[in-house]
Amino acid sequence: MALHKGAGDDRRLTISPFVGTADPLGPMELSPPLHRLADNPVAADTAYQLIHDELMLDGNAKLNLATFVTTSMEAQASRLMTECLDKNMIDKDEYPQTAELERRCVAILADLWHAADPENTVGCSTTGSSEACMLAGLALKRRWMSRNPERYAAGARPNLVMGVNVQVCWEKFCTFWEVEARTAPMEGERYHLGAEQAVALCDENTIGVVGILGSTFDGSYEPVEEICAALDELQARTGLDVPVHVDGASGAMVAPFLDPELVWDFRLPRVASINTSGHKFGLVYPGVGWALWRDREALPEELVFRVNYLGGEMPTFALNFSRPGAEVIAQYYTFVRLGREGFRAVQGASRDVAKYLAGRIEALGCFRMLTRGDELPVFAFTTTDDVPFDVFDVSRRLRERGWQVPAYTFPENRQDLSVLRVVCRNGFSRDLADLLLGDLDRLLPELRSQPGPLKELGVPARTAFHH
């Protein structure tokens with residue numbers, strides 16, 4: 001005898017449109033439009049497969065030696081990110097613990113960069129170092145405006161001093177916020193900003209100098225300590241007090257572990273702010289950066305907005321409002337997971353691979369090294385004058401094997417120089433480096449047999465420069 005009896009009517013389960021399975025013949029008749037919405041839905045598995053198959057045409061991230069961005073994380077980090085995909089970083093009242101982990105990350109970075117009071121250092125997460133640079137530049141401009149109200153009201157145009165090798169976000173900042181970009185060109189074997197060039201461009205309208213800790217053009221560090229010393233002398237001589245922002249998009253997560261003796265951070269009183277990319281050598285998937293200021297004076301109060309947080313106020317300063325919290329959680333996971341020694345091991349392994357690969361490429365005899373991966377795990381090289389091919393030919397041929405190695409021409413005053421650049425990130429092992437060397441060695445005989453560089457034969461050079 002049945003213990004339960006049916007209701008005797010024709011009741012049915014209510015099925016969401018996303019749960020129902022389509023007729024197996026249906027998807028075979030579908031042809032969704034590319035540039036407008038279809039009239040009807042497509043089964044979830046069908047939509048997935050269509051997009052999945054198309055994305056197979058993208059390059060292999062592991063073989064992308066152009067990008068600085070992290071291309072692999074541990075499964076546990078990915079799991080945490082998946083669990084937090086629906087958390088809005090700005091909603092600190094609804095997600096207070098996510099906000100707390102963000103605050104801890106700021107304190108960890110402040111300690112790493114030798115802030116005087118890490119627990120109370122002013123800072124925030126961003127969508128990347130580009131947004132962080134925008135925020136730092138805006139703070140520099142407002143700080144200059146508050147110190148020079150009469151000059152600004154009279155029409156003085158503020159300027160920002162930097163090397164021509166800066167990331168494009170600094171050009172955007174100057175355009176968006178009406179600041180004159182004063183860039184020092186490259187000269188000879190100097191591929192970034194030097195102290196002498198920085199001081200020469202400064203005047204009473206200079207809001208700051210940008211020092212790059214790890215140029216994307218060749219992986220070299222700019223001499224931040226020398227630049228600050230030269231600006232100290234300028235102030236003693238003229239009274240001009242010019243702050244420095246350190247764009248440590250990559251190097252600020254490398255130098256503290258591999259170059260602890262290098263002085264570039266808040267140990268220098270003239271350094272007002274620092275940014276970094278969590279998604280570069282911070283070892284997190286794309287979507288997180290960090291901006292920190294020396295103290296509250298360096299970040300004008302009128303730029304800080306305050307939101308309610310657990311019955312109190314939490315300061316917020318960012319260009320974006322709604323954004324995911326997953327990457328911030330992943331950054332905190334990476335800090336907890338690795339600690340100082342773990343970071344030192346990971347970054348050290350990347351630098352070892354870069355130095356090894358640079359040495360082996362130089363030994364091939366047809367390349368000249370500009371850098372050797374002993375600062376950022378990044379190096380740049382060009383072809384020697386006696387070979388019938390150029391860097392664009394090498395990049396084109398390596399791409400046939402799946403390797404993405406960018407070739408590009410240097411900017412102002414060194415436009416005669418074209419190079420290849422290799423970024424050795426976490427996950428790019430010595431074994432992969434040997435595979436790259438093997439492919440490069442195999443294609444060199446064919447390149448040497450060319451009558452000349454392909455661009456001289458009418459084939460357009462393909463450039464590929466990615467930050």
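The values are calculated or read from the model by the stated rules, or taken from the named source; none is laboratory data. Only a predicted model underlies this, so the values are computations on that prediction, with no experimental measurement involved. Cβ atoms come from the backbone with ideal geometry, glycine included; neighbour counts cover every protein chain shown. Accessible surface areas use protein heavy atoms only, side chains included; no ligands, DNA or RNA. Shrake-Rupley method; radii C 1.70, N 1.55, O 1.52, S 1.80 Å.
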Hits among aspartates and glutamates - C-alpha to C-alpha of residue 92 under 16 Å, sequence gap 8 or more where chains match = 100, 102, 313, 327
Sequence-distant or interchain residues sharing an amide H contact under 5 Å with residue 184, placed H: which?
-> 162, 163, 164
From phi via Karplus (6.51, -1.76, 1.60), per-residue ³J(HN,Hα) for the stretch 42-51 in Hz, x at Gly/Pro | 10, 4, 4, 5, 5, 4, 4, 5, 4, 6
Taking GluC sites (Glu not before Pro) that fall in a DSSP loop and have at most 11 other Cβ atoms within 10 Å as cut points, what is the longest piece of the chain between them?
-> 262-399
At a Cα cut-off below 13 Å, give the aspartates and glutamates reachable from residue 455, other chains included and same-chain residues fewer than 8 away excluded.
-> 390, 393
Taking amide hydrogens as modeled 1.01 Å from N in the peptide plane, which residues meet the under 5 Å criterion relative to residue 159, leaving out close sequence neighbours?
-> 180, 206, 207
Scan around residue 367 for amide H atoms under 5 Å from its own, H built in the peptide plane at 1.01 Å from N, and keep only partners 5 or more places away or cross-chain.
-> 384
Residue-wise, which Karplus ³J(HN,Hα) couplings in Hz belong to the stretch 107-116, taking 6.51 cos²θ - 1.76 cosθ + 1.60, θ = phi - 60°, and x for glycine or proline?
-> 5, 5, 5, 4, 5, 4, 9, 6, 5, 5
Out of the stretch 345-403, which chymotrypsin sites (Phe, Trp or Tyr not before Pro) are coil in DSSP terms and have no more than 15 other C-beta atoms within 10 Å?
-> none
Calculate what fraction, in whole %, of the accessible area of the stretch 339-392 sits on carbon and sulfur atoms when a 1.4 Å probe is rolled over the protein chains.
-> 47
Taking trypsin sites (Lys or Arg not before Pro) in a DSSP loop with at most 10 other Cβ atoms within 10 angstrom as exposed, one finds the longest site-free stretch of the chain at 37-467
Per residue, in Å², the accessible surface of the stretch 137-252 once ligands and nucleic acids are set aside, probe 1.4 Å = 38
Counting DSSP beta bridges in the stretch 67-224, what percent are antiparallel, to the nearest 5?
-> 20
Under the Karplus relation with 6.51, -1.76 and 1.60 and θ = phi - 60°, whole-Hz ³J(HN,Hα) for the stretch 333-340, x at Gly and Pro, equal 4, 5, 5, 5, 5, 9, x, 5
Antiparallel %, DSSP beta bridges [both residues in the chain], to 5 = 60
Lys/Arg +1, Asp/Glu -1 at C-beta; the chain dipole; positive extreme among 440, 305, 116 = 440
If you place +1 on the Cβ of every Lys and Arg, -1 on the Cβ of every Asp and Glu, and leave all else neutral, what size is the dipole of the chain about its Cα centre, to the nearest 20 Debye?
-> 380
Reachable lysines from residue 62, criterion Cα separation under 26 angstrom, eight or more residues apart if same chain | 280, 355
Taking the dipole about the Cα centre of the chain, with the C-beta of Lys and Arg at +1 and of Asp and Glu at -1, give me whichever of 200, 404, 389 is farthest to the positive side.
-> 404
